[in-house]
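Student: First the structure, then my questions, so here it is.
The values are calculated or read from the model by the stated rules, or taken from the named source; none is laboratory data. All of these numbers come straight from a predicted model, not from anything done at the bench. Every residue, glycine among them, receives a Cβ derived from its backbone with ideal geometry; neighbour counts consider all protein chains shown. The accessibility values were calculated without ligands, DNA or RNA, using every heavy atom of the protein model including side chains. Shrake-Rupley method; radii C 1.70, N 1.55, O 1.52, S 1.80 Å.
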Amino acid sequence: MPRLRQAGIDFSIGTLNFLANIGLMLPYILMLLKYQQTQSETYLIALVAFYISRAASIFYTKRLHLRSTTYLIACLVLGAVGSLTFAMTHAVGWLIVGSLLWGYSAATIWPYFLTVKLHLSQLTDFKMKRLYWVIFLGLGVMLAVDLVAGWSYTLTFSVLAALYLAALPGGLLLENFANDFYQQRPAQPHGLHQGWRWVLSLVGFAAIAVLTTLRKTQLNWPNWLLLATIGVALVVFAIELYNDRHVLPNYKVRLLNRGFLMSLVLLFNGFFAYFYFGTAGMYVVFALYLIGFEGGYLVFGKLAHGDATRALRLSQLSLLAGHVLLLIPWKYSYVLGLLLVTLYIGYDNPTINATLYGAPDIDHDTAIIHKYRFSTYGGLLCQLVMFGLIIAVSASAGLSILSFFKPSDATHFWLYTCTLSWPLTLASLGISLGNILHEPRG
């Protein structure tokens with residue numbers, strides 16, 4: 001009996017670990033597959049609602065000042081409800097509700113899980129079982145059965161909901177283990193503050209919803225109105241950023257740079273790579289990102305022989321060299337450039353986690369959330385600049401906006417290289433240089 005109980009605990013915590021690591025992207029991928037299968041406006045609306053909820057949640061999740069452990073449990077419950085909604089209904093109203101709940105879970109489950117892991121690393125020698133591949137394989141089998149049986153992902157959504165619920169005991173156990181950390185902290189006031197920012201944010205994220213829709217379908221809006229929408233979003237996020245000027249002032253540029261780089265690689269180049277590699281382009285970009293993200297810290301650590309200062313300098317040189325190579329319109333320099341940029345991202349991610357969590361002047365329970373919040377600011381900035389350029393270029397060249405997101409050939413390679421890739425890469429290079437000059441010691 002004790003062995004069975006321990007196996008259940010290991011499975012629950014391993015499932016929690018798995019969901020935290022894939023929670024940001026897997027729901028979005030499944031919704032996208034559902035939309036591509038049905039081409040239904042219902043699922044397009046749900047997909048946009050999820051995307052906006054995911055972007056907005058990271059900004060406002062700490063406004064209630066609850067414990068990170070409490071938020072982590074809420075993420076599991078909301079993830080289960082959101083997934084189950086997609087398994088049980090096709091009604092657009094319920095799917096929007098499910099998307100909003102699941103979007104919150106997707107945006108915040110990893111930051112809160114990482115925060116709790118870091119708390120436990122300070123208090124205990126607790127180790128988490130790694131069951132990624134077992135669970136991922138099981139979910140893959142369910143997806144295959146779904147497709148063969150023609151169940152339209154109903155089984156996959158149901159199994160995913162069950163996994164969220166299975167992770168709940170693990171979340172509650174981690175909450176118990178982390179009690180000592182919170183007993184040493186002063187009580188935090190609960191309740192919402194600065195309500196005007198909530199209202200203002202609705203305008204900003206409504207603009208993001210419009211732009212997200214541009215990637216999926218053609219809006220019959222005049223270009224001047226779309227550009228005005230981008231302008232409004234930029235103003236809203238500038239106000240948000242100004243009001244957060246006292247939060248992590250020494251690390252803000254580094255985090256904004258991280259977000260801009262992530263969007264440049266995964267969003268823009270995820271589409272632009274088509275003009276180098278055809279339909280395989282997106283897979284090439286994702287593969288390079290995974291290699292760089294997982295290997296960056298190890299590579300620069302080895303090259304620097306364990307010297308942290310030297311490793312930082314090498315990662316920064318890699319970042320700058322990667323940008324220069326991206327400016328060369330040749331597919332091999334393009335691949336190498338992307339790899340060098342992603343290696344920097346892979347090095348920067350664990351080092352900034354350790355830096356923020358270990359800083360004595362930063363609240364340990366909010367450090368990781370702030371990291372992802374400002375990183376999201378940077379990502380949204382990249383998206384707004386990208387969409388502004390795409391709308392302007394499409395209008396001047398007499399092209400549909402979807403010509404970039406859903407190209408049928410590489411005819412417009414030079415047009416998109418000169419008017420999209422180079423400006424975005426140069427903007428990213430400028431922010432990266434600003435980051436290096438602003439915080440030379442990392």
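Student: Taking the solvent-accessible surface of protein heavy atoms with a 1.4 Å probe, what is the per residue accessible area of the range 71-120 in Å²?
Tutor: 30
Student: Continuing with this model, one more query. For Met31, what is the net charge nearby, where nearby means another residue's Cβ is under 15 Å from its Cβ and Lys, Arg count +1, Asp, Glu -1? Display every interim value, and only then the final one.
Tutor: On the way: positive: Lys34, Arg54, Arg215, Lys216; negative: Glu41, Asp146.
Around Met31, the surrounding residues sum to +2.
Student: Right, here's the next one. For the range 114-120, take each phi angle, set θ = phi - 60°, evaluate the Karplus expression 6.51 cos²θ - 1.76 cosθ + 1.60, and give the result in whole Hz per residue in order, putting x for glycine and proline.
Tutor: 4, 4, 5, 4, 5, 4, 5
Student: For His90, tell me the accessible area in Å² from a 1.4 Å probe, rounded to the nearest 10.
Tutor: Only protein atoms counted, so the area is about 130 Å².
Student: Ignoring ligands, DNA and RNA, what percent of the accessible area of the chain is carbon or sulfur (1.4 Å)?
Tutor: Numbers: 13610 of 19780 Å².
Ligands and nucleic acids excluded, carbon and sulfur reach 69 percent.
Student: Now, a different point. Among [x] 31.5, 98; [y] 22.8, 82; [z] 21.9, 71, which one is Rg and Dmax of the Cα atoms in Å computed from these coordinates?
Tutor: So the structure-derived entry is [z].
Student: Could you give the dipole magnitude of the range 311-419 about its Cα centre, charging the beta-carbon of Lys and Arg +1 and that of Asp and Glu -1, in debye to the nearest 20? Present the calculation step by step, with values, prior to reporting the outcome.
Tutor: Numbers: 5 positive and 5 negative charges, 61 e Å.
Dipole magnitude for the range 311-419 comes out near 300 debye.
Student: Then there's this: Which of Gly296, Gly281, Gly150 moves most in a GNM of the chain, Cα contacts under 10 Å?
Tutor: Gly150
Student: Compute a Gaussian network model of the chain, connecting alpha carbons closer than 10 Å, and tell me which residue from Gln383, Gln316, Gln122 fluctuates the most.
Tutor: Gln122
Student: If you stretched the chain out fully between His305 and Val145, how much longer would it get, using 0.36 nm times the residue separation minus the C-alpha to C-alpha distance? Let's see the in-between values first.
Tutor: Values: separation 160, 0.36 × 160 = 57.60 nm, distance 4.80 nm.
The His305-Val145 span can extend by a further 52.8 nm.
Student: Estimate the FRET efficiency between Ala410 and Gln183 by the formula 1/(1 + (r/R0)^6), using the beta-carbon distance for r and 45 Å for R0, to the nearest 0.05.
Tutor: On the way: r = 61 Å, r/R0 = 1.35.
Plugging the Cβ-Cβ distance into 1/(1 + (r/R0)^6) gives 0.15.
Student: Right, something else. Return the subset of Lys62/Lys406; Lys34/Lys406; Lys252/Lys331; Lys62/Lys252; Lys117/Lys216 for which the Cα-Cα distance in this structure is over 26 Å, preserving the input order. Show your work: numbers first, answer last.
Tutor: Details: Lys62/Lys406 37 Å; Lys34/Lys406 18 Å; Lys252/Lys331 33 Å; Lys62/Lys252 18 Å; Lys117/Lys216 37 Å.
Going by Cα-Cα distance, Lys62/Lys406; Lys252/Lys331; Lys117/Lys216 fall outside the 26 Å limit.
Student: Rounded to the nearest 0.05, what FRET efficiency is calculated for Val247 and His438 with R0 set to 22 Å and r the Cβ-Cβ distance?
Tutor: On the way: r = 16 Å, r/R0 = 0.72.
The formula returns an efficiency of 0.90 here.
Student: Run the helix sum for the chain: -39,500 (n - 2.57) per DSSP H stretch of 4+ residues, divided by residue count, reported at 222 nm to the nearest 500 deg cm²/dmol.
Tutor: After summing the helix terms and dividing by residue count, I get -25500 deg cm²/dmol.
Student: Between the alpha-carbon centers of the range 1-52 and the range 77-98, tell me the distance in whole angstrom.
Tutor: 12
Student: Additional query: Got a sec? What order do Asp244, Asp180 fall in by accessible area at 1.4 Å, biggest, i.e. largest, first?
Tutor: Numbers: Asp244 10, Asp180 85 Å².
Of Asp244, Asp180, the descending order of accessible area is Asp180, Asp244.
Student: Continuing with the same structure: Where the only charges are on Cβ atoms (+1 Lys, Arg; -1 Asp, Glu), what is the dipole of the chain about its Cα centre, to the nearest 20 debye?
Tutor: So the dipole magnitude of the chain works out to roughly 260 debye.
Student: In square angstrom, rounded to the nearest 10, how much accessible surface does Phe177 have for a 1.4 Å probe?
Tutor: Probe radius 1.4 Å; accessible area of Phe177 about 80 Å².
Student: With springs connecting C-alpha atoms under 10 Å apart, model the chain as a Gaussian network and identify which of Cys75, Cys382, Cys418 has the largest mean-square fluctuation.
Tutor: Looking only at Cys75, Cys382, Cys418, the biggest GNM fluctuation is shown by Cys418.
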